[in-house]
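Below: the structure, in structure tokens.
The values are calculated or read from the model by the stated rules, or taken from the named source; none is laboratory data. Predicted model, so just to flag it, every value in this text is computed and none were measured. Backbone-built Cβ (ideal geometry, glycine too); neighbour counts: all protein chains shown. Just the protein is used for accessible areas: all its heavy atoms, side chains included, with ligands, DNA and RNA removed. Shrake-Rupley method; radii C 1.70, N 1.55, O 1.52, S 1.80 Å.
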Amino acid sequence: CNHPFLFVSAEKDTFRAARKSGLAKKVAEEAEAERRRRGVRLPGSPAAPDNPLEATLLRSSSGKMQLLAKLLPKLRERGHRILLFCQMTRMLDLLEDWLRASGVGFVVVDDASCGNNSRNGSVRPVYGRIDGGTPLADRQRVIVD
């Protein structure tokens, strides 16, 4: 699994080019319009993107990420669990960044039971990460959850 952002210079160059070309502004405007269009998110629905520019650049810089962006939401809607393997923890970091930035890895939870009166609820991750640094006891918990 390769991604250009595995190289710090490529990541910096991509963000710089996005700002210079006006893509950053366009993505921000589109995200705001989408937020207004969707309104309040219901419990169980995907979370709003945390960082639309980062999500867009992470996705569009790699064909494999583009495929994941199409597949993951559809599989989640159908109730599937997904297991992704990576040889490098840095690639897991990039996947985690994309899940957070795009909102795909999070769902809105109902805060009424927690006493929180927030209109949009809070979000919780719907993924677990296991790598070489994960203690054995935590690995089983992540798999079961």
Counted residues, the range 86-145 - those being within 16 Å of the chain's Cα centre (by Cα), at pLDDT 75 or above, open to solvent by less than 40 Å² (accessible area, probe 1.4 Å) and not aromatic (Phe, Trp, Tyr) = 10
remark   = Of the residues in the range 1-14, those that are among the polar types (S, T, N, Q) and loosely packed, with under 15 Cβ neighbours inside 10 Å come to ASN2, SER9
remark   = Only unsatisfied item for ALA17, checking (1) surrounded by 11 or more Cβ atoms within 10 Å (Cβ to Cβ); (2) modelled with pLDDT under 85; (3) not charged (D, E, K, R), is (2)
